[in-house]
Amino acid sequence: MVNVFAVPVFFICFRECLETSIIVSVLLAFLKQTLGPEHDASVRKRLVRQIWLGVGLGIFICVVIGAGLIGAFYKAGKEAFDSAELIWEGVFAIIASLIITLMGAALLRVNKLQDKWRVKIAKALENNDTSRLSMNGRFKKWCEKYAMFLLPFVTVLREGIEAVLFIGGVGLGMPATSFPLAVICGLGAGGLVGFLIYKGGNRTSLQIFLIISTCFLYLIAAGLFSKGVWDFEANAWTKTAGEGVTEAGSGPGSYDIRKSVWHVNCCTPGSKGDGGWGIFNSLFGWQNSATIGSVLSYNLYWLVVIVGFLLLGFKERKGHWPLQKKPAPAAGDIRSESDGSSGVVEQKHEGAATLNVREVNA
Amino acid sequence: MAMSLSNFLLPIALFLAFTSAATVTHDFDVSWVQANPDGAHPRPVIGVNGKWPLPVIVVTKGDRVVVNVKNSLGNQSTSLHFHGLYQYGSNHMDGPVQVTQCPIPPGSSFTYNFTVDQPGTYWYHSHNKGQYPDGIRAPFIVHDPDSPFKDLYDEEIVLPFSDWYHDEMSGLLADFISIKNPSGAEPVPNSNLVNETQNLSVSIKAGKTYLVRMVNMGAFAAQYVWFEGHTMRIVEVDGVYTEPTEADMIYMTAAQRYSVLITAKNSTDANFAFVGSMDQDLFDAIPKGLNPNVTGWLVYDEKKEKPAPKEIAAFEPFDDFILVPEDKQGILDSVDHTITLNMKMDNLADGANYAFFNDVTYVRPKVPTLYTVLSSGDQATNPAIYGSNTNQIVLKANETVEIILNNDDPGKHPFHLHGHEFQVVSRSEEEAGAYVASDAMPPTPMRRDTILVRPNGNVVLRFKASNPGVWLFHCHIEWHVASGLVATIIEDPLALQAQLSNQIPASHMQVCKDSNTPTAGNAAGNTKDLFNLAGERKAPSAIPAGFTAKGIVALVFSTLAAFVGMAVIGWYGMAPIKSKSG
């Protein structure tokens, strides 16, 4: 299982693909609205084709860059990291955990993402009229002409390369065979959810779906965080006990008894034949040999996540952070953030919550 | 008891009647001296009277031996064990600390005084805290005016072989039994020695026959030994004469001895190399540049070249199991008492690796076991008083004892029994597993006092419990003694009381006082209630299997944290839905 399906990779692909498909869906919806049946069907067709061309080209370039980049990552990684494998596995697990943590919250506000892009696109197109001819006027004009191509193209490219970098960072500790299925599933699921949003299906059930997948995402991230700490400790133990650790297999001596919280001589994640425990490991961070560090880090991770979400929720409801003074009435006016369909860009949101930084910058 | 007492008196009476025994006295002032036997690393070693190597003790059968030991080490206690001597009637002179005596602390003195009524090749060494590899060891030769082979050789040569460490045992032991060494990997020797040196020249004369007495005085490594161009005829193992048997190469574990006849060539045209080669199978990781071999030469002509030893294709040593004792003593065939010892290595709760007989690792009791016997009256026959970590086995007078030793470890182990020689009635090949009863036993089995048991194999030993005393049975790899591969055989304790009650010399009692060691009571030093072992020395506890309370709490908390976390995520995620409907 671990060798076939890299769960973090799946979620990264899912997340990036979802964002892309939302943008595409917004664009398509926009075309549908602005170029209604009264408009020339051929113009609409041409613009739709532009959109899909942009998506297609973006994906293609991403795949090329991604394949090259991950290939290079892997080659360099295997050579450089072999000597201190546990350290690197730990580093990557923690990086992956942080990435997932930061991305995860945004997934719960996907509907906002849709609104934001709607505004963005509207602005981009409105600017057509107020074009100030300048030195690079021709370029600008060209851009305007092909906006329907450029927008999805750039978006796909950006999200795609982001995904590639994340996967590269997260995936170095994982076997190469675990990538393809996870990538395909992630893209498929992301596309499907994007399509559902486009179709404007039941938003409530969609949101519940998103909540469930976010929960999984944080379970995985908690496990990864704990595994990262575990790897560091295992590395320190290997340094202390040397050869004996490998000799001990999963029995006594394979772990530092001084730091052990529990140890069962079975159910080793990652070892061949114990596939089920590998799933347990990648989903929940299961270890047959738990250490004080791995248990504490798991619980601390959740503590931070819980506090983080409580703060975010507080902020969304009250418009300011706890212990912070209420914002001036002027700013308080635009407290319609939770009204997803209003289409108002929530400027106040920017820079306030680290967890949402990416969403805002998008 | 009366029976065994007369058994004891009879030989003494005989020997008083027919021999005029000498007394051989040695005064040993034991102290640290500087030495560099392999020329690679000077280090402090434990010497005697300011010198190292220690003197070879040579006596004649029937002699009385007196060794006055003064401990001038300053930082370590010590003791002397005379390996292979039966110490009939003198169990208190056997030497293992906390077994038959108290440690001799720095500044104290102790006298060993016993008669030797057995011929052969023996050795003496400290039996305290893995000390002898620091140098306190030497051969102990007992000449035999009645030797069946005395006309077959002209001269004797003594060749002790030994592995050698550049570091002192105290530090090596601390690293060995440590959480940092969970696999129990034994320290690997730095070099190999013969006669406590290297490149040894042994002058021999053409045409003469020599009795070469070889001893492995090493801490760890077994030795392959061969003499180029010369065949050995084995005539003695561990003090037991054997029918002369030819061998080209012998395998000598730690503490084993072989006497072989070697007949010199008739010409003096060339000198011949002989080699002791450490068995590297025993080593966990072989360090780069380790030379497992030590070379010496049979020198016919000092002016001629001393050739480097030839490479050999494979080690094909002689199998000692097929030896036949010269006295043709028949197999002890009606066994009264069978003892099964299953040995293994495992880790305990302190993370270090220990060795076990039947899941118990040996820990030295507070009171030397002999003194527990002597102070416990009728209760001496009850094993319970000897503690929970001494692997005690109480034997009755004159019963025929069989020890079945199953080696549940992938290593080779040389097992030694104090106070006896034993018949080796069965020995398996490697990987044979536990012993399965079989009638296929030699009619006149080989006897010796130290026997190799092969990796994951077994060995069956028999002896008659005719020597009252407290005798250790242990692996003679010094690392494994330290990690607890030791059993205590308490043989006919009531007869032992009759022999030795109020017979313990003043110097023995004095070192107990000097070292604050209690001399009465059970293993815990409790004299009132012998069955109350509160306060005894014990091994660290076993490693708990699976989940303990700590683990369950941790798992519950982690699960709880995850569920609360997901609930909060749900709460946050539901916000848009609520606001939409509201």
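Points worth noting:
- Phi angles of region B:188-196 translate, via the Karplus equation with coefficients 6.51, -1.76, 1.60 and θ = phi - 60°, into HN-Hα couplings of 8, x, 8, 6, 10, 10, 10, 6, 6 Hz per residue; Gly and Pro are given as x.
- For the segment A:203-216, counting C-beta atoms of other chains within 10 Å of every residue's C-beta and taking the mean gives 4.
- Counting only other chain Cβ atoms within 10 Å of each residue's Cβ, the peptide B:175-186 averages 5.
- Approximating the spin labels as points 7 Å out from Cα along Cα→Cβ, the A:Thr177-to-B:Asp408 distance works out to 3.6 nm.
- Between B:Ala498 and B:Ala534, the FRET efficiency estimated from the beta carbon spacing at R0 = 30 angstrom works out to 0.50.
- Links that overshoot a 28 Å alpha carbon limit, given the list A:Lys259/B:Lys344; B:Lys208/B:Lys304; B:Lys129/B:Lys396; A:Lys239/B:Lys288: B:Lys129/B:Lys396
- Averaged over peptide A:253-260, the number of partner chain Cβ atoms lying within 10 Å of each residue's Cβ comes to 5.
- For the pair B:Asp27 and B:Thr60, a Förster radius of 25 Å applied to the C-beta separation gives a FRET efficiency near 0.80, rounded to the nearest 0.05.
- In region B:258-336, the chymotrypsin sites (Phe, Trp or Tyr not before Pro) that fall in loop regions by DSSP, at most 13 other Cβ within 10 Å: B:Phe315
- A helix-only calculation puts the protein assembly as shown at -12000 deg cm²/dmol for mean residue ellipticity at 222 nm, using -39500 (n - 2.57) for each DSSP H run of at least four residues, averaged over all residues.
- Estimated distance in nm for a label pair at A:Lys239 and B:Asn68, the labels positioned 7 Å out from Cα along Cα-to-Cβ: 5.6
- Peptides B:32-39, B:466-473 ranked from most to least packed by the mean count of surrounding Cβ atoms within 10 Å: B:466-473, B:32-39.
- Cβ-Cβ FRET estimate between B:Asp359 and A:Ile65, R0 fixed at 56 Å, reported to 0.05: 0.35
- Gained length - B:Gln510 relative to B:Thr559, 0.36 nm times residue gap less alpha-carbon distance: 11.4 nm
- Candidate lysines for bridging to B:Lys51, where Cα separation is under 20 Å - those fewer than 8 sequence places away on the same chain excluded: B:Lys70
- Cross-link partners of A:Lys120 among lysines (Cα-Cα below 28 Å; sequence separation of 8 or more within a chain): A:Lys32, A:Lys45, A:Lys112, A:Lys140, A:Lys141, A:Lys145, A:Lys199, A:Lys315, A:Lys318, A:Lys348, B:Lys578, B:Lys580
- Within chain B, helices built from complete DSSP H runs that reach 27 Å or longer along their own axis (Cα positions) and carry a mean Kyte-Doolittle hydropathy of 0.5 or higher are B:549-581.
- Fraction of beta bridges assigned by DSSP in chain B that are antiparallel (%, nearest 5): 75
- Overall form of region B:74-164 per C-alpha gyration tensor (a/c, 1.5; a/b vs b/c): oblate
- Anchor B:Lys150: aspartates and glutamates whose Cα lies under 19 Å away (excluding residues fewer than 8 positions away in-chain): B:Asp63, B:Asp117, B:Glu236, B:Asp238, B:Glu243, B:Glu246, B:Glu326, B:Asp327
- Inter-probe distance in nm under a simple model that places probes 7 Å from Cα toward Cβ, at A:Trp321 and A:Leu300: 2.1
- Amide H contacts for B:Thr340 (H built 1.01 Å from N in the peptide plane; partners 5 or more residues away or on another chain; cut-off under 5 Å): B:Ile404.
- Sorted peptide list for B:231-241, B:95-105, criterion being average Cβ within 10 angstrom, highest first: B:95-105, B:231-241
Rule-based calculations on the coordinates, nothing more; no lab input. Predicted, not measured: the structure shown is a model, and the values here were computed from it. Cβ coordinates were reconstructed from backbone atoms using ideal geometry, including for glycine residues, and neighbour counts include every protein chain displayed.
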